[in-house]
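Here the structure is laid out as structure tokens; the discussion comes afterwards.
Read-outs: derived from the displayed coordinates by stated rules, not from any lab. Please read these numbers as outputs of a predicted model, since none were measured by experiment. Methodologically, a virtual Cβ is constructed for each residue, glycine included, from the backbone with ideal geometry; neighbour enumeration extends over all protein chains shown.
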Amino acid sequence: MSDLCAIYSQRMEALGVEVAGTHLTRLRDSLLKMNPQLEGWRSQNLPSKKMWPILNTRHRKEQETSVTTYLTLKIHAETLKKELVDLLHSLGICISYERFRIVHSDIANNLLAMYNAQKLVCPPDLTHDLFTTASVVNTDHNPLSDTAMSCFHGTAISVVQLPTQCKHGRARELTTPKTEKGIRRVQQLPPLYANVPPCFVSISRVSCRPPEDILSCEIPKDPDPVAQKWLDHLSVAMLPRVGMVLTQQTFVDEAQFLAMMLHTMNVVKAVVEHLNPGQIPVSVADAPLYALLKKIQFTMVDTHGEEKLLQWVVCTLNLLL
């Protein structure tokens, strides 16, 4: 309509008529009054105000292609820049940022619905019947900006699966419950995973073997065949052939607390029992977190003792040097 108004103004100036300013609404009403047949064309080709929010998107949802949607998800995951998505959307390469937020929320809600139905947070890419380990690390984010008002100190759990030449894993049968589509609100994680219960540890109940007993024990000449089989499997599984490394939802609780470390042990145990029943859970941690894990093992012998869970310590490079 603005282009038509400009053409009208230029034509009036060419005819020698002075035009101070052309009102768009009055011009439109005058044209429709002089040419009633334009009303039918207007109703078919010009959108109403109710259709304006739909026309702000690149295309209708039913006509979306997977390439543009995947490209938008990939670009935002790599850059986290809304301006870049809007620029590519204006060029017709990506979907709009508003539509991206809806698609992103739908994907998250589908996963969360599955987690809540299973009462277990286990990424869908993980498979059954593979040796599974977990890494527990503290995540520290200290912004370098002078205007930053806070920092983040949390805990992250990464699940690692180790395939062998004979075992490549068995795909899981996943069922996703029906969820409401087209909303931006994301559901909550299962309470068994999101809520960290308090932990009470009594130092007087610590049960560990003295160093003298460990040093004086004799190594049996004939090792236990079950233990030897497990060690042989472990030596093959720990070859540099990692099949899948997935990081679960990060906790906002700091890793320095015993309650958080006990919760990570319970989460790892539940995931391992679901993916590879009968396997002893293995948690990998650096030296400070390893000390907390061992403190829990020495205190809660019946539920989290060394016969139930096995911890490996992986020191940092500074400690090794």
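Couplings 3J(HN,Hα) for the range 103-110, derived from phi with the Karplus relation 6.51 cos²θ - 1.76 cosθ + 1.60 (θ = phi - 60°), are 5, 5, 5, 5, 5, 5, 5, 5 Hz, where x marks Gly and Pro. Lys and Arg at +1, Asp and Glu at -1: add these up for the other residues within a Cβ distance under 11 Å of VAL196 and post the number. That works out to -2. Peptides 105-118, 245-258, ordered by how many other C-beta atoms sit within 10 Å of their residues on average, highest first, read 105-118, 245-258. Taking each of LYS74/LYS167; LYS119/LYS178; LYS119/LYS269; LYS119/LYS294 in turn, the alpha-carbon distance tops 25 angstrom for LYS74/LYS167; LYS119/LYS294.
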